[in-house]
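One structure is given here, and the rest of the page talks about it.
The values are calculated or read from the model by the stated rules, or taken from the named source; none is laboratory data. The shown structure was predicted, so the numbers you read here are calculated from the model rather than taken from an experiment. As a convention, Cβ positions derive from the backbone with ideal geometry for all residues, glycine included, and neighbour counts pool all protein chains shown.
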Amino acid sequence: MNGATAHGNAAASVIRARGLGLTFATSDGPVHALTGVDLAIGKGDFVSFIGPSGCGKTTFLRVIADLETPTHGTITVNGMTPEEARRRRAYGYVFQAPALYPWRTIEKNIALPLEIMGFAPDERAARIARVLDLVNLSGFGRKYPWQLSGGMQQRASIARALAFDADLLLMDEPFGALDEIVRDHLNEQLLKLWERTNKTICFVTHSIPEAVYLSTKIVVMSPRPGRVTDVIESTLPRERPLGIRETPEFLAIAHRVREGLRAGHSYDE
């Protein structure tokens, strides 16, 4: 593994991007979505990506998931190419909308990837019960998505992503459409779930308080072409009641994020 010393312990990184760039060819000319992204994400990190709309946050998640192919640089997921990681089902993906099939019950929605992967019925049932408990939805497995609130549907979506026990969880602004009270509650639950499972989480958000509250590391991105303008290591303790958002330490980190966003943004466009 050439260059591992220069870039830290790259072998220990769950995700390692070097000089990553992605340019889309369109009828109106090339669109430079990402450029020069250098980033290492370690095992057990909770990393939030924040930046203006169109800055490449979701595109970077899609590159990790092998849903987009970079045009420059390299990226590894658990030491593999994204394609190899996808084939080995190394990650779960939670989209902005729950994306649950309305004709399947919650437990059958959660079972879908397990069915595709060939798990035996008894193993599927055990895994479904475990992840429903993890997201506090025990007793709701036989409900249909339309019988649950938006927040409960999103928790079911998280349960589905956890069902096959991948070490990496990719979350693309999963709480963005929810009201503030529900969002706060799910932020608390997500931190508890992260503490219990020790997953590595990559989380896209537009909310500065959400990014600061959840993360061990905050990646600030610039407008297109998306590049990393700051990587902020959180100094907050792992135990984070909602009240921590009023503390000077929290507000200082939020201020640094806000300044990073302002510095990377051009208001002349």
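Mind listing whichever residues of segment 183-241 are in contact (Cβ under 8 Å) with a residue 24 or more places away in the chain, under 29 Å from A33 (Cβ atoms) and among the charged types (D, E, K, R)?
Passing the criteria: R183, K199, E210, K217, R224, R227, D230.
Write out, first by first residue and then by second, each pair whose Cβ atoms fall under 8 Å of each other, whose residues are 6+ apart or on separate chains, and whose first residue, in segment 111-136, is assigned to a helix (DSSP H, G or I) while the second is among the acidic types (D, E) and surrounded by 15 or more Cβ atoms within 10 Å (Cβ to Cβ).
Cβ pairs passing all conditions: I128/E107; L132/E107.
Say whether the condition of being in a loop (DSSP other than H, G, I, E, B), surrounded by 20 or more Cβ atoms within 10 Å (Cβ to Cβ) and at pLDDT below 90 is met by at least one residue in segment 30-51.
No, segment 30-51 has no match at all.
Output the residue which, of all residues in segment 34-51 that are among the charged types (D, E, K, R) and within 14 Å of V231 (Cα to Cα), is nearest to the chain's Cα centre (by Cα). Break it down into steps so the answer makes sense when it comes.
Residues of segment 34-51 among the charged types (D, E, K, R): 38, 43, 45.
Those still in the list that are within 14 Å of V231 (Cα to Cα) too: 38, 45.
Working: D38: 18, D45: 11 Å.
It comes out as D45.
R18: surrounded by 16 or more Cβ atoms within 10 Å (Cβ to Cβ) and in contact with a strand residue (DSSP E or B) (Cβ under 8 Å, 6 or more places away or on another chain), yes or no?
On the way: surrounded by 16 or more Cβ atoms within 10 Å (Cβ to Cβ): yes; in contact with a strand residue (DSSP E or B) (Cβ under 8 Å, 6 or more places away or on another chain): yes.
Taking the combined requirement at face value, the residue satisfies it.
Among the residues of segment 95-110, which ones are outside any helix (DSSP H, G or I), of a type in the set (S, T, N, Q) and more than 30 Å from R227 (Cα to Cα)? First the steps, then the outcome.
Initial filter on segment 95-110 (outside any helix (DSSP H, G or I)): 95-105.
Right, trim to of a type in the set (S, T, N, Q) and you get 96, 105.
The one that is outside any helix (DSSP H, G or I), of a type in the set (S, T, N, Q) and more than 30 Å from R227 (Cα to Cα): T105.
Which one of the conditions (1) charged (D, E, K, R); (2) more than 16 Å from the chain's Cα centre (by Cα); (3) at pLDDT below 95 does R89 fail to meet, given that it meets all the rest?
Result: R89 fails condition (2) only.
Mind checking whether some residue in segment 137-156 is of a type outside the set (S, T, N, Q), free of Cβ contacts under 8 Å to residues at least 12 places away in the same chain and either surrounded by fewer than 20 Cβ atoms within 10 Å (Cβ to Cβ) or not in a helix (DSSP H, G or I) (or both)?
Step one: filter segment 137-156 for residues of a type outside the set (S, T, N, Q), giving 137, 139-146, 148, 150-152, 155-156.
Within this subset, residues satisfying the condition of being free of Cβ contacts under 8 Å to residues at least 12 places away in the same chain are 139.
With either surrounded by fewer than 20 Cβ atoms within 10 Å (Cβ to Cβ) or not in a helix (DSSP H, G or I) (or both) added as a condition, the list becomes 139.
Scanning segment 137-156, I find at least one residue that is of a type outside the set (S, T, N, Q), free of Cβ contacts under 8 Å to residues at least 12 places away in the same chain and either surrounded by fewer than 20 Cβ atoms within 10 Å (Cβ to Cβ) or not in a helix (DSSP H, G or I) (or both), so the answer is yes.
Consider segment 52-94. How many of its residues are part of a loop (DSSP other than H, G, I, E, B), touching a strand residue (DSSP E or B) at 6+ places or on another chain (Cβ under 9 Å) and over 15 Å from R227 (Cβ atoms)? Step through it out loud before you land on a result.
Of segment 52-94, the ones part of a loop (DSSP other than H, G, I, E, B) are 52-56, 65-71, 78-79, 81, 88-90.
Still in the list and also touching a strand residue (DSSP E or B) at 6+ places or on another chain (Cβ under 9 Å): 52, 54-56, 65-71, 78-79, 81, 88, 90.
If we keep only those that are over 15 Å from R227 (Cβ atoms) as well, we get 65-69, 78-79, 81, 88, 90.
Total meeting the criteria: 10.
Does at least one position in segment 62-69 carry a residue that is within 18 Å of D165 (Cα to Cα), among the acidic types (D, E) and crowded, with 18+ Cβ neighbours inside 10 Å? Steps first, please.
Of the residues in segment 62-69, the ones within 18 Å of D165 (Cα to Cα) are 64-65.
Pick out the ones that are also among the acidic types (D, E) and you get none.
So far as segment 62-69 goes, no, none of its residues is within 18 Å of D165 (Cα to Cα), among the acidic types (D, E) and crowded, with 18+ Cβ neighbours inside 10 Å.
Output the helices (runs of 4 or more DSSP H) that fall wholly within segment 169-268 and possess 1 or more residues being loosely packed, with under 15 Cβ neighbours inside 10 Å and of a type in the set (D, E), or say none. Please lay out each step first, then the result.
On the way: elements: 180-197, 208-214, 248-264.
In segment 169-268, 180-197, 248-264 are the helices (runs of 4 or more DSSP H) which contain 1 or more residues that are loosely packed, with under 15 Cβ neighbours inside 10 Å and of a type in the set (D, E).
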